[in-house]
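Any read-out appearing in this document is the output of simple, stated calculations on the displayed coordinates, not a laboratory observation. Owing to the predicted nature of the structure, the values given are computational and were not obtained by experimental measurement. Glycine also receives a Cβ, built like all others from the backbone with ideal geometry; neighbour counts cover every protein chain displayed.
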Protein chains: 2
Amino acid sequence: MTQMNKIEKWTRFELELQGPSSGNPFLDVDLSAEFRCADEMLKVQGFYDGNGTYRIRCMPTKEGTWTYTTKSNASELDGKTGSFTCTPAAADNHGPVYVHDTFHFAYADGTSYYPFGTTCYAWTHQGDAMEEQTLATLKEASFNKIRMCVFPKHYPFNRNEPVYYPYERDADGNSDFTRFNPEFWHHFEKRLDDLLELGIEADIIIWHPYDRWGYSTMDEESDIRYLRYLIARIGSFRHVWWSLANEYDFLLKVKPMELWDRFIEILHEEDPYGHLRSIHNGDVTMNYDHTKPGITHVCIQNAAIRNVVEWREQYGKPIVNDELEYEGNVPYPWGAISAEEEVHRFWIMVANGGYAGHGETYMDEKDELWWGKGGVLRGESWKRIGFLRKILEDGPAGGLTPQRGSEQSIFPGRMGRYFNVKFAGGLNGDYHLIYLGDYQHKILIVPLENDDYQIDAIDTWDMTISPVTAKKIEGDETYLYDMPQGENAPNNRGYALELPDKPHLALRFRK
Amino acid sequence: MTQMNKIEKWTRFELELQGPSSGNPFLDVDLSAEFRCADEMLKVQGFYDGNGTYRIRCMPTKEGTWTYTTKSNASELDGKTGSFTCTPAAADNHGPVYVHDTFHFAYADGTSYYPFGTTCYAWTHQGDAMEEQTLATLKEASFNKIRMCVFPKHYPFNRNEPVYYPYERDADGNSDFTRFNPEFWHHFEKRLDDLLELGIEADIIIWHPYDRWGYSTMDEESDIRYLRYLIARIGSFRHVWWSLANEYDFLLKVKPMELWDRFIEILHEEDPYGHLRSIHNGDVTMNYDHTKPGITHVCIQNAAIRNVVEWREQYGKPIVNDELEYEGNVPYPWGAISAEEEVHRFWIMVANGGYAGHGETYMDEKDELWWGKGGVLRGESWKRIGFLRKILEDGPAGGLTPQRGSEQSIFPGRMGRYFNVKFAGGLNGDYHLIYLGDYQHKILIVPLENDDYQIDAIDTWDMTISPVTAKKIEGDETYLYDMPQGENAPNNRGYALELPDKPHLALRFRK
């Protein structure tokens, strides 16, 4: 039995046990444990890891002494007890990410978390050389979340066999969905730990339709066994998010809506840590009903980014638009927008109080597209997305609320109306972040009462920040409205900001 | 009496008469004439032009001998008769522009007319030096329509007094709305003739709210007198279009909707030539009901350019989006988009079977903004708009029909669906023009049956046209879908086009 006596909060305690290896332990053996610390109790499932080895993992959520007792239908595994001490979290360990303040996220210790994710669906299936390269790239980039599949991927540009298969296979390549392949899972978990070290949340895609091995068309019993095995194995990784599927609607023929609902409920009820749960649509008309209680946040694929404010109202949960189309040049619109457009869409999502996900799909002779396999980033948007993340993190804690029509806004009235269709803007107390998009005002009029604000112009492409001169409007400037229909005109008084006169600027107001 | 014996078709016959100059001839004297040629009859109003001079103008619409008889309550003007011969139109004279084929325009002789207009609201009020400069600029640019006000303009960046006033004024600057100022009209008509010489249609804005002289708030009787004077004076100019107002909705307090309806009906009934008639909204929610029968085409201000196909369906008339926002840098979003964005919006409008209008609003120390006063063009979009015009004129006669879901489309099914949200595309028989917008495909798959098409990639910004290689898809290309959910995928077979791999391209298919 492995003994671990001191465990840092939100890290992993693992109990290793030896038990039966005959028959099919994956089907035959039930194993669970209750972990207790004062009035806290976590009930977790163990799992068979091959060669007669069983494991039970626990992520302690509270400092202090934890005790546990196992329960099993196999006598060798039943009634094992023990204890460990949970020590305080280290400085760079903030715990799992949860929903915070309705539309936003925070780590368990209260630190704000702003998701700036990327997408490498099948990066863990590419072999060590390329996977190490992916990790090196991630270390240089500023992403703090990655969308990744458990299963290998069969799709345009993704034709290669995986190194490891999640289930045992016979000589003809037929999988036995009752027998997991521990080697696959050891590798997968190693990659999860690599991400943890980089501070990157793992947005785990449990099912997807891009399949030639049969993983997308397993029967319901196998699906549920897989889901529970996943919870048992990686629920204790603090940086895991559950994404039920990528493009679940392309699988509706084999997994009807009721089954997706059931999967979500299983996760909701059986993941003792309550990791974030969502599900990602394919067709924009098939967005899952994210108001369902098992869903923690909205994961959406939709290029109609201006709708972010409506989505917030519709779902009352954080909005993460993980596919607003990718920077790239493939034959399909989902992966062929310019870097400029990708950055533009990110800013609109974020400045309106939502979040967005990155992907990169530049065609490559060796089919090494970042979005599919990882490797290296070839584009230009990722740097600007990192710049945007830094701006958010440099601001006050907590997330942005859309500027539109808000009473807190420093841009009320007609000026506020512009935020519906022209600008994107978010506020957080006295902090305002406004994205001007395609507009390149030389002068912008802001109806401030006074000049208490420190104002910066942020060049979202060149990644520069420069202070803006605000000049009090005296009233005789040539650009002001002064006739009756001026009532319909934008707010006409306050301060005139002299801007760099180019598009894709943002303005930051700090009191 | 001026005698003109030979008049080219669609040019101007003018009968000059001397009559009473005492009292107020503008109010006291009625003058009209009937012009006949075979079974054609045109009833036109004459007008007082000051100093006892009266004029009756007629644009003959038919070759042959025309005779006329005048009618007046002033005996000197009554019962005058005469005749002239209408000769064939010269090669560059195609007659007035009318609606053609529901959504498009053509000259009276059947030649296609694609409106590519610009906006210089008050250019005729700037004095000869600047007005000549405007004409010189227009000669170099490729615009074939200009939106221009009759009345002078009071607005941001437009503070100067006009050179001429349309009405007589007293020493205090108060206008007498019963007495037109012939000098103003001579000048205005000279500028109209200058435009005619350049082949530019004059989209005459009859009322507008940008006013400090009282022209926007005249009483109803004066308004109608003005409208009829306008028809009498310039209805015979073949290149005149009637734009009832700019931003009519900002004048609703003084001119309620019923009055606008009445103005339109007067034009509809009393303009013997049936010049094009429309009316331009301010607020996007206040678009005039262009289904009304007096309206010939939709003049709209709306930056939501993707709606062009819906507007076509809603109104069943040609769509001219004359304010999709202007290239410039003023403090207001209506005049602060980049040249790239202006060109992008033009292409979306036009490739979807609509039309668009240009304006340029770069701030200037002397307040010489093209959109207000004319002068010189400083921007970059006008050249690309000219390039687009040339592409349309190089295509088959007639206008484009939106590609979306059309049975004629060479891009049916799923590929056709892309046109709803991703691409803009129009067709005309075997001719297809497709704008790819923000997408920068290296390869694009088109489900062509054969390679009968000559295909070009058009760089809408660099203004280059280059042939595209179409490679028949063999079936094993890495970028193709080949799994079940491929049913939902874009069309997967046909030809692969190798594209220049940059955004803002268009594709042209010609059989």
* How big, on average over all directions, is the shadow cast by the Cα convex hull of region A:115-392, in nm²? -> 13.6 nm²
* Structure fact -> So the compactness index of region A:181-322, its C-alpha Rg divided by 2.2 N^0.38 Å, takes the value 1.05
* Taking a ≥ b ≥ c as the square roots of the eigenvalues of the Cα gyration tensor of region A:154-203, is the shape rounded (a/c under 1.5), prolate (a/b larger than b/c) or oblate? -> oblate
* Asked: Once phi is turned into θ = phi - 60°, what whole-Hz ³J(HN,Hα) does the Karplus curve with 6.51, -1.76 and 1.60 give for every residue of region A:17-34, x standing for Gly and Pro?
  -> 10, 9, x, x, 10, 7, x, 10, x, 4, 9, 7, 9, 9, 8, 8, 8, 10
* To do: Give the Kirkwood hydrodynamic radius (Å, one decimal) of region B:411-510, defined as one over the mean of 1/r across all pairs of different Cα atoms.
  => 14.0 Å
* Dipole size in debye (nearest 20) for the protein assembly as shown around its Cα centre, Lys and Arg Cβ +1, Asp and Glu Cβ -1? -> 260 debye
* Asked: For the Cα atoms of chain A, what angle does the longest principal axis make with the long axis of helix A:381-394, in degrees from 0 to 90, nearest 10?
  -> 80 degrees
* Charges only on Cβ, +1 for Lys and Arg, -1 for Asp and Glu: so what's the dipole of chain B about the Cα centre, in debye to the nearest 20? -> 620 debye
* **Inter-copy separations for A:Val376, label at 7 Å along Cα-Cβ, nm, ascending** => 4.7
* Placing +1 at every Lys and Arg Cβ and -1 at every Asp and Glu Cβ, with all other atoms neutral, what dipole size does region B:411-510 have around its Cα centre, in debye to the nearest 20? -> 280 debye
* Other chains near B:156-164: what is the mean number of their Cβ atoms within 10 Å of each residue's Cβ? -> 2
* Of B:Lys71/B:Lys153; B:Lys62/B:Lys292; A:Lys6/A:Lys292, which sit over 32 Å apart, Cα to Cα? -> B:Lys71/B:Lys153; A:Lys6/A:Lys292
* Over its Cα atoms, what ratio of radius of gyration to 2.2 N^0.38 Å does region B:6-87 give? -> 1.10
* **Rg(Cα)/(2.2 N^0.38 Å) for chain A, N = residue count** => 1.07
* Label A:Arg159 and A:Met286 with points 7 Å out from Cα along Cα→Cβ: what is the distance between them in nm? -> 2.6 nm
* To do: Shielding by partners for A:477-483, please: the mean number of other protein chain Cβ atoms within 10 Å of each residue's Cβ.
  => 6
* For B:Arg159, place a label point 7 Å out from Cα along the Cα→Cβ vector, do the same in each other copy, and report the separations in nm, one decimal, smallest first. => 6.9
* **Per-selection metrics, region B:303-428 (Cα): Rg and Dmax in Å** => 16.1, 55
* Structure fact -> Sorting from shortest, the nanometre distances separating the label point of B:Asp283 (7 Å past Cα along the line to Cβ) from those of the same residue in the other copies are 3.8
* Structure fact -> The set of residues whose placed amide H lies less than 5 Å from the amide H of B:Leu31, leaving out same-chain residues fewer than 5 positions away, is B:Gly46
* Structure fact -> Taking r as the C-beta separation of A:Thr53 and B:Asp452 and R0 as 41 Å, the FRET efficiency to the nearest 0.05 is 0.05
* Output ³J(HN,Hα) for region B:109-126: one whole-Hz value per residue in order, computed from phi by the Karplus curve 6.51 cos²θ - 1.76 cosθ + 1.60 with θ = phi - 60°, and x for Gly and Pro. => 7, x, 5, 4, 10, 10, x, 10, x, 10, 10, 9, 3, 10, 5, 7, 10, 9
* Quick one: Kirkwood hydrodynamic radius for the protein assembly as shown, alpha-carbon pairs, angstrom, one decimal? -> 32.5 Å
* Which residues' amide hydrogens lie under 5 Å from the amide hydrogen of B:His358, considering only partners 5 or more residues apart or on another chain, with H built in the peptide plane? -> B:Gly117, B:Thr118, B:Thr119
* Structure fact -> Mean 1/r over distinct Cα pairs of region A:93-134, inverted to a Kirkwood Rh in Å, yields 12.4 Å
* To do: Measure nothing fancy, just the Cα-based angle from helix A:182-197's long axis to the longest principal axis of chain A, in degrees from 0 to 90, nearest 10.
  => 30 degrees
* Positive-end extreme of charge dipole, the protein assembly as shown - chosen from A:Leu15, A:Gly110, B:Thr217 (charges on Cβ) -> B:Thr217
* **Links that overshoot a 31 Å alpha carbon limit, given the list A:Lys422/A:Lys511; A:Lys366/B:Lys511; B:Lys317/B:Lys502** => A:Lys366/B:Lys511; B:Lys317/B:Lys502
* Asked: Rounded if a/c is under 1.5, else prolate if a/b is larger than b/c, else oblate: which is region A:12-165, with a ≥ b ≥ c the root eigenvalues of its Cα gyration tensor?
  -> oblate
* To do: Give the chain A residue with the shortest beta-carbon distance to the rotation axis relating chain A to chain B, plus that distance as a whole number of Å.
  => A:Glu340, 5
